[in-house]
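Accompanying notes for the structure given below.
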Amino acid sequence: MKRPLLVLALAALAAPAHAQLDYYGRLGLTGSSTLVRDVLFQPFETKQGLSPTLVAGLSIPVGTDNRLGIEAQLTSGSLEAETTGEGAESTADLGRLTTLSALANAEGAVTGPIRWRIGIGLIQYLPSEEAGLFAQGGPLRYFVGGGLDFRRPAFSSWDLMISARYDFHRFTTDELRDRGFTQAQGVQRGSLTVGLARSRRIAP
């Protein structure tokens with residue numbers, strides 16, 4: 001009886017030595033649905049264009065094949081207002097809009113090199129100038145997100161990582177509320193990024 005217990009104890013003590021810290025960086029593009037949709041004298045929509053995206057993250061093992069981690073994402077793209085009505089369409093450039101988000105997430109295996117990831121986080125809007133719907137600054141909002149990662153060895157100590165992400169949050173600003181926009185707009189974002197990932201053994 002003592003021998004199996006001793007083996008289990010030694011295995012538990014040895015486990016941290018085999019734990020791997022994962023870290024990665026990726027580049028790609030993010031698309032977003034409409035931020036504001038309403039009708040004044042004619043229908044209009046405000047949305048962010050397709051935006052270059054930088055992602056960085058890390059994770060630690062939890063259990064046999066699951067991990068917990070944090071993923072940060074930076075996007076920066078144009079902000080445009082589109083007006084339609086009576087056969088006329090126009091687009092106005094509203095400057096540049098940057099978003100910075102952090103996702104606390106869990107991940108696990110799907111099959112082979114594919115893994116799922118899901119979590120909750122915060123997204124901060126950072127407009128290039130405080131004007132229009134951002135006259136009182138950019139909002140900080142909660143969001144939920146998830147996606148899939150494909151990962152394969154590519155170099156001696158680095159893996160190729162291809163990731164698809166989806167997230168959802170409710171968007172409004174102080175300026176919109178002051179102007180009578182009482183309903184927050186549901187915003188969906190999707191991204192596709194490619195980069196490199198690496199694992200490093202955590203010292204016991």
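The values are calculated or read from the model by the stated rules, or taken from the named source; none is laboratory data. Everything numeric in this text was worked out from a predicted model, so none of it was measured. All Cβ positions, glycine included, derive from the backbone under ideal geometry; neighbour counts span all protein chains shown.
Some points to look at:
- Counting only strands (runs of 3 or more DSSP E) that fall entirely inside the range 28-82 and contain at least 1 residues that are hydrophobic (A, V, I, L, M, F, W, C), modelled with pLDDT of 85 or more and within 15 Å of residue 123 (Cα to Cα), the qualifying elements are 51-62.
- Cβ pairs under 6 Å, 6+ apart, first in the range 95-106 and on the phi > 0 side of the Ramachandran plot, second of a type outside the set (Lys, Arg) and in a strand (DSSP E or B): 95/79
- Boolean, residue 126 is without any contact (Cβ under 8 Å) to a residue 40 or more places away in the chain and of a type in the set (A, V, I, L, M, F, W, C): yes
- Checking each residue in the range 172-193 for being in contact (Cβ under 8 Å) with a residue 40 or more places away in the chain, over 16 Å from residue 120 (Cα atoms) and surrounded by 14 or more Cβ atoms within 10 Å (Cβ to Cβ) picks out 173, 175, 176, 181, 185, 191, 192, 193.
- The range 150-189, subset closer than 12 Å to residue 133 by Cβ and of a type in the set (A, V, I, L, M, F, W, C), residue modelled with the highest pLDDT: 171
- When 141, 165, 117 are checked against the criterion of being of a type in the set (Lys, Arg) and under 21 Å from residue 36 (Cβ atoms), a single residue qualifies: 141.
- Which listed residue, of 100, 126, 122, 94, is buried (at least 16 other Cβ atoms within 10 Å of the Cβ), over 13 Å from residue 46 (Cβ atoms) and not small (Gly, Ala, Ser): 100
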